[in-house]
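One structure is given here, and the rest of the page talks about it.
The values are calculated or read from the model by the stated rules, or taken from the named source; none is laboratory data. Being a predicted model, the structure only gives us computed values, none of them experimental. So basically every Cβ, Gly included, is an ideal-geometry build from the backbone, and we count neighbours across all protein chains shown.
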Amino acid sequence: MSRNKFILVNQADNVLICCQPASSGEVALIDDKKYTLSTAIDVGHKIARTDLNSLEKVIRYGVPIGSATTDIKAGEHVHMHNMKSDYIPSHTRQAKAGE
């Protein structure tokens, strides 16, 4: 079980940070609940601590770092494929108008 592979940096965070590589199929313990990872997670990447609704703020370090672009279930990988930066337009995989 991936008990120590994910850390909560700030109690207000709705994501956990990966501090050791985690493989697809591993079980992560989040707030005393078990979640099976559907993808491998690299160090520094995030998984959802709670279910996140589309457009909901992603909170890391106690501050919003962006918004979910789709619904994200607890335990799922949170990255540029399902969130966007609210501050830096280049930090998203969403196509810009005219591209």
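Tell me yes or no: at least one residue of region 64-77 is in contact (Cβ under 8 Å) with a residue 40 or more places away in the chain, closer than 25 Å to D32 by Cα and among the β-branched types (V, I, T). Looking through region 64-77, none of the residues is in contact (Cβ under 8 Å) with a residue 40 or more places away in the chain, closer than 25 Å to D32 by Cα and among the β-branched types (V, I, T).
Conditions (1) in a loop (DSSP other than H, G, I, E, B); (2) in contact with a Lys or Arg (Cβ under 9 Å, 6 or more places away or on another chain); (3) modelled with pLDDT of 95 or more; (4) not small (G, A, S), marked per residue:
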| position | (1), (2), (3), (4) |
| --- | --- |
| N4 | yes, no, no, yes |
| A12 | yes, no, yes, no |
| S54 | yes, no, yes, no |
| S67 | no, yes, yes, no |
| G75 | yes, yes, no, no |
| M80 | yes, yes, no, yes |
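Among the residues of this structure, Y35 does not count as one that is under 14 Å from L16 (Cα atoms) and surrounded by fewer than 17 Cβ atoms within 10 Å (Cβ to Cβ).
Which one is nearest to Y61 (Cα to Cα), of the residues in region 26-47 that are among the aliphatic types (A, V, I, L, M) and outside any loop (DSSP other than H, G, I, E, B)?
Taking region 26-47 and keeping what is among the aliphatic types (A, V, I, L, M), we get 27-30, 37, 40-41, 43, 47.
Now drop any that are not outside any loop (DSSP other than H, G, I, E, B), which leaves 27-30, 41, 47.
Values: V27: 24, A28: 20, L29: 20, I30: 17, I41: 19, I47: 14 Å.
For region 26-47, the residue satisfying everything is I47.
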